[in-house]
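Below is one structure; the comments refer to it alone.
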Amino acid sequence: MKLCLVGEKLSHSYSKEIHNLMGLDYSHTEVERGKLKAFVENNDYSGYNVTIPYKKEIIPYLDYVDASAQKVGAINVVNVVDGKRYGYNTDISGMEYMIKRKGVSVYNKCVLVLGTGGTSNTALTLMNKLGAKKVTVVGRTSPVNYENCYELTGTQIIINTTPVGMTPDLLGKAVDIKRFPNLIAVFDAVYNPQRTAIVREALSLNLVASSGLPMLVEQALCGEDIWLNKTHTECDSENMIFEIAKRKLNIALTGMPSSGKSTVGKLLAKRLNRPFFDVDDEVYAKTSKTPAEIIKTQGESVFRQIESEVVKELSAKSGAVIALGGGSILSKENRECIASNCVSVYIKRDLSLLKTNGRPISQEKGVEKLYNERKAFYESANVTVLNNEQIENTVKEIIEKYEIACSKWS
């Protein structure tokens, strides 16, 4: 059985990896605008998923549309049987799973749906099915828009179906959730990065929140049920959510200068068969100058600006090991980018073992003072490991703690 994902731009999709892990022959097929009809009528796939911007556009080219998909007005699964094309919507099952696994009841709640595309219709249909008290759709040119939506102070649940916050827009948020005083939960259909800015903010406010990875996985497995005439279990879904999180989250190593981030990172990347990036090396690649040279000739503020550009670029990657600069976490924007798609690991090392050669900030301030200025930021990492003795033990401990962190990420 030959399967694929159809969309306009698919470089950030995880679908291929999910279905390949399930043993299916599945690929990505990018289709240019205006060429969808030609694809539908001339391809050799047994079935395919449909994503932005074709979920609505594909409907006229199908022979049959499932009743649930008709209600939503969008298709994300096509099954080809005896030359006939059957359309379904499993996004609605995926979204329902994402919400229910967090223990949130929509019944009698006031819900705000951000966006007016195909996934917005999915959210609207689901909210009505689950008995929401009031559902309001927010659009740029809708009666309720991104300026006056804050008047809906009774909003209890927000569902983002816009692409705002999608990689590489790690800091983007469609609304300011702090302006909704009765908010209890935020759900985002975006799954890359694995924690969007709106989800990170919700978590910081102790609200229930989820990015779209559980929705993506569930809709994918429901699609497989259609293609293969089978029924997957909740265990299948949770195992796949964990597996994709583990594969796609970056590991970002933070800690004092000379704590061993680069050395640990290279060995860790080798053990996990992942690409390795060092922020200081990437700064040099951009400027042909080392961080020390930039700080000495242009000042620390110039270096920090360049460093932030690099941190944002590296945080947007998937499945990498990243050695951060010792001061990378001083910037709030850097911390936000790191938290979007990385499990942060604090490499802790006794101050007496730290070296200052070639490190102008350590030499100027002294190791102890520098550590005291940064300690709180380092200790806020997802994982802490001690790196005083055998590096192999440090790497082993990181791998073990990283997997635990991934199991709790979504």
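Phe187 satisfies every condition listed in (1) without any contact (Cβ under 8 Å) to a residue 40 or more places away in the chain; (2) over 21 Å from Ala320 (Cβ atoms); (3) within 23 Å of the chain's Cα centre (by Cα) except (1). Cβ-Cβ contacts under 6 Å between residues 6 or more apart (or on different chains), taken from a first residue in segment 46-65 that is over 20 Å from Ser120 (Cβ atoms) and surrounded by fewer than 23 Cβ atoms within 10 Å (Cβ to Cβ) to a second residue that is modelled with pLDDT of 95 or more and of a type in the set (Ser, Thr, Tyr), are listed as Tyr64/Tyr86. If the condition is being among the hydrophobic types (A, V, I, L, M, F, W, C) and within 21 Å of the chain's Cα centre (by Cα), then segment 105-121 contributes Val113, Leu114.
The C-beta contact set for segment 294-315 (first residue touching a residue at least 40 places away in the same chain (Cβ under 8 Å), second residue surrounded by 13 or more Cβ atoms within 10 Å (Cβ to Cβ) and among the aromatic types (Phe, Trp, Tyr), distance under 6 angstrom, 6+ apart or interchain) comprises Ile295/Phe303; Leu314/Phe277.
Residues in segment 317-349 that are among the hydroxyl-bearing types (Ser, Thr, Tyr) and closer than 22 Å to Thr167 by Cα: Ser318, Ser328, Ser331, Ser340, Ser344. Within segment 79-93, the set of residues being under 19 Å from Val137 (Cβ atoms) and in contact (Cβ under 8 Å) with a residue 40 or more places away in the chain comprises Asp91 only. Look through Ala339, Ala316 and report the one residue that is touching a Pro at 6+ places or on another chain (Cβ under 6 Å), closer than 28 Å to Arg247 by Cα and either crowded, with 18+ Cβ neighbours inside 10 Å or not small (Gly, Ala, Ser) (or both). Of the residues listed, the single one that is touching a Pro at 6+ places or on another chain (Cβ under 6 Å), closer than 28 Å to Arg247 by Cα and either crowded, with 18+ Cβ neighbours inside 10 Å or not small (Gly, Ala, Ser) (or both) is Ala316. Pairs linking a residue in segment 319-342 that is at positive phi to a residue that is basic (Lys, Arg), with Cβ atoms under 6 Å and 6 or more positions apart or on different chains, are Gly319/Arg247; Gly319/Lys248; Gly319/Arg274. Identification of helices (runs of 4 or more DSSP H) wholly contained in segment 1-91 with 1 or more residues that are more than 25 Å from Thr167 (Cβ to Cβ) yields 36-41, 67-72. Cβ-Cβ distances below 8 Å connect the following pairs, each with a first residue in segment 385-400 that is farther than 11 Å from Gly265 by Cα, a second residue that is loosely packed, with under 13 Cβ neighbours inside 10 Å, and a separation of six or more residues or different chains: Asn388/Asp350. For Ala220, are the conditions met, namely being farther than 26 Å from Asp66 by Cβ and either crowded, with 16+ Cβ neighbours inside 10 Å or touching an Asp or Glu at 6+ places or on another chain (Cβ under 6 Å) (or both)? For Ala220, the condition - farther than 26 Å from Asp66 by Cβ and either crowded, with 16+ Cβ neighbours inside 10 Å or touching an Asp or Glu at 6+ places or on another chain (Cβ under 6 Å) (or both) - is not met.
Could you list, in sequence order, all residues of segment 228-256 that are more than 20 Å from the chain's Cα centre (by Cα) and surrounded by 21 or more Cβ atoms within 10 Å (Cβ to Cβ)?
As a first pass, look at segment 228-256 and keep what is more than 20 Å from the chain's Cα centre (by Cα): 228-236, 254-256.
Hits for segment 228-256 are Thr254, Gly255, Met256.
Scanning segment 128-143 for residues that are farther than 17 Å from Thr162 by Cα and in contact with a strand residue (DSSP E or B) (Cβ under 6 Å, 6 or more places away or on another chain) turns up Ala132, Lys133, Lys134.
Each row is one residue, and each column tells you yes or no for (1) at pLDDT 95 or above; (2) under 21 Å from Ser362 (Cα atoms); (3) assigned to a helix (DSSP H, G or I).
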| site | (1), (2), (3) |
| --- | --- |
| Ala269 | yes, no, yes |
| Arg274 | yes, no, no |
| Ala285 | yes, no, yes |
| Ile306 | yes, yes, yes |
| Val310 | yes, no, yes |
| Leu314 | yes, no, yes |
| Glu333 | yes, no, yes |
| Glu336 | yes, no, yes |
| Val343 | yes, no, no |
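The single condition among (1) out of contact with any strand residue (DSSP E or B) (no Cβ under 8 Å at 6 or more places or on another chain); (2) at pLDDT below 95; (3) part of a loop (DSSP other than H, G, I, E, B) that Ser259 does not meet is (1).
If I filter segment 345-367 down to residues being in a helix (DSSP H, G or I) and among the polar types (S, T, N, Q), which single residue comes out as nearest to the chain's Cα centre (by Cα)? Looking at the filtered set, the residue picked out is Ser362.
Okay, residues lined up against (1) loosely packed, with under 14 Cβ neighbours inside 10 Å; (2) among the aliphatic types (A, V, I, L, M):
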| residue | (1), (2) |
| --- | --- |
| Arg274 | no, no |
| Ser301 | yes, no |
| Leu330 | no, yes |
| Val343 | no, yes |
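Checking each residue in segment 130-172 for being assigned to a loop (DSSP other than H, G, I, E, B) and charged (D, E, K, R) picks out Lys133, Arg140, Glu147, Asp169. Scan segment 41-49 and tell me whether some residue there is under 28 Å from Ser318 (Cβ atoms), at pLDDT 95 or above and under 25 Å from the mean Cα position of the chain (by Cα). Scanning segment 41-49 turns up at least one residue that is under 28 Å from Ser318 (Cβ atoms), at pLDDT 95 or above and under 25 Å from the mean Cα position of the chain (by Cα).
The values are calculated or read from the model by the stated rules, or taken from the named source; none is laboratory data. Because the structure is predicted, anything quoted here is derived from the model rather than measured. We place every Cβ from the backbone using ideal geometry, glycine too, and count neighbours over all the protein chains shown.
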